[in-house]
1. Show me the helices (runs of 4 or more DSSP H) found entirely inside segment 246-353 where at least 1 residues are closer than 25 Å to Val82 by Cα and over 18 Å from the mean Cα position of the chain (by Cα).
2. With respect to the numbered conditions (1) more than 11 Å from the ligand (Cβ to nearest atom); (2) more than 20 Å from Leu247 (Cβ to Cβ), which one is the sole condition not fulfilled by Phe164?
3. Somewhere in segment 323-341, is a residue more than 25 Å from Asn7 (Cα to Cα), outside the structural domain of Val109 (by TED's automatic domain parsing) and hydroxyl-bearing (Ser, Thr, Tyr)?
4. Among the residues of segment 162-189, which ones are in contact with a strand residue (DSSP E or B) (Cβ under 7 Å, 6 or more places away or on another chain) and in a loop (DSSP other than H, G, I, E, B)?
5. Would you check if Val35 is at pLDDT 95 or above, within 17 Å of Leu152 (Cβ to Cβ) and either within 16 Å of the ligand (Cβ to nearest atom) or not basic (Lys, Arg) (or both)?
6. Select from segment 186-212 the residues that are within 16 Å of the ligand (Cβ to nearest atom), out of contact with any Leu (no Cβ under 9 Å at 6 or more places or on another chain) and not small (Gly, Ala, Ser) and list them in ascending order.
Amino acid sequence: MGPGPGNPYPEAIEAFMRPMLGHLDPAFLTLLDEVCDQLRTVFGTTNALTIPISGTGSAGMETCIVNVLGPGDVAVIGVNGVFGARMCDVASRTGAEVVRVDFDWGTPVTADRLLDAHPSPTLIGMVHAETSTGARSDVEPVAAGKGDALLLVDCVTSLGGIPFEADAWGVDLAYSGTQKCLGVPPGLSPITVSDRARDRFVERSQSWYLDLRMIGSYVGTAGAKRTYHHTAPISMIYSLHGGLTALLDEGIEAVHARHAECGQLLQDGLVELGFELFATEGHRLPELTTVVVPDGVEEAAVRATLLDRYDIEVGGGLGEYAGKVWRIGCMGHTARPRNVTLLLGALGEVLGR
Ligand code: PLP
């Protein structure tokens, strides 16, 4: 139930037992093509360049950034938690100028301040679902005002949990991670890149491994002839296929509705138990709820008891909120009402409420 790996969909685990294929075996390439199609559906896009990057969510972040930024470029990045700050760090390493726009933690990034930050940025970056605070920032208003800039969205904790529509909203680059709402073990970062962004790829990315001009030909996107780039993590691709199949069989809208129902049950239950929710009302993620740790409570001890006695992992606060908030993940396969009932009961018992 924690914001970490949680319990993946059983289908994603069973997939590890499939017989191993070579990474250039036609049967594997067919499966990879299917995964890319599944990802297009989940991202809400027809982008040819929609693929799982070999690496975790941060690899997807870096891939999106190093392929479009370099010296002389300007990136405006909204920061309302740990992962917006990480985006700034990655972008600054390309030599691009980073215009960091800070927002209070727990509040959303807003279009007005992001769009006013620079007259002609190369890129605007934002985190859709900030895992460190549990706040959702709305992408559409930023996309509507982006002008000539490329829009980069981190949807590591939103994809598969709340609606995300890359094409309808006008997102140019987006990356996610397998271990959150997609309910698959960590290890891959699905990304999608618009043709508009591809037209603006830097000539030579500063990363060899994450150079999309080369990876794109490995996965055979947009008519590229497949050429060897790196050995794909076969079992992880099987697992992603298993998890996405489970998700799509249930139906994206049904999966979103399940997350919304569980998030509401959890947040209502926490308020009934007397807790104060941290993220701004109206912008609370159903899949990641942040709660203010009550005064006088030994927060690490409570989390340890929940883990030992009830097998429930609750995350501690990050950055300046370490020790001050709890982060309760309810995502992917774990977003079930019975898990919410268990967590609320356990928390009430441990705290004597
Ligand atoms: N972005 C967000 C919003 C995240 O929550 C995370 C990880 O929790 C990342 C990026 C980085 O992903 P990873 O830890 O898989 O590299």
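1. In segment 246-353, the matching helices (runs of 4 or more DSSP H) lie at 252-272, 299-310.
2. (2)
3. No, segment 323-341 has no match at all.
4. Ile162, Gly170, Val171, Asp172, Ser176, Gly177, Thr178
5. no
6. Listed by number, the residues that qualify are Pro186, Tyr209, Leu210.
Conditions (1) in contact with a strand residue (DSSP E or B) (Cβ under 8 Å, 6 or more places away or on another chain); (2) in contact (Cβ under 8 Å) with a residue 40 or more places away in the chain, marked per residue:
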residue: Cys64; (1), (2): yes, yes
residue: Asn80; (1), (2): yes, yes
residue: Cys88; (1), (2): yes, no
residue: Thr107; (1), (2): yes, yes
residue: Asp112; (1), (2): no, no
residue: Asp116; (1), (2): no, no
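Yes/no per residue for (1) in contact (Cβ under 8 Å) with a residue 60 or more places away in the chain; (2) aliphatic (A, V, I, L, M); (3) more than 20 Å from Cys64 (Cα to Cα); (4) assigned by TED's automatic domain parsing to the domain that holds Ile65:
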| residue | (1), (2), (3), (4) |
| --- | --- |
| Trp208 | no, no, no, yes |
| Val219 | yes, yes, no, yes |
| Ala222 | yes, yes, no, yes |
| Ala232 | yes, yes, no, yes |
| Ser235 | yes, no, yes, yes |
| Tyr238 | yes, no, yes, yes |
| His241 | yes, no, yes, yes |
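The values are calculated or read from the model by the stated rules, or taken from the named source; none is laboratory data. Please read all numbers here as calculations on a predicted model, not as lab measurements. Every residue, glycine as well, gets a Cβ built from its backbone with ideal geometry; the counts of neighbours run over all protein chains shown.
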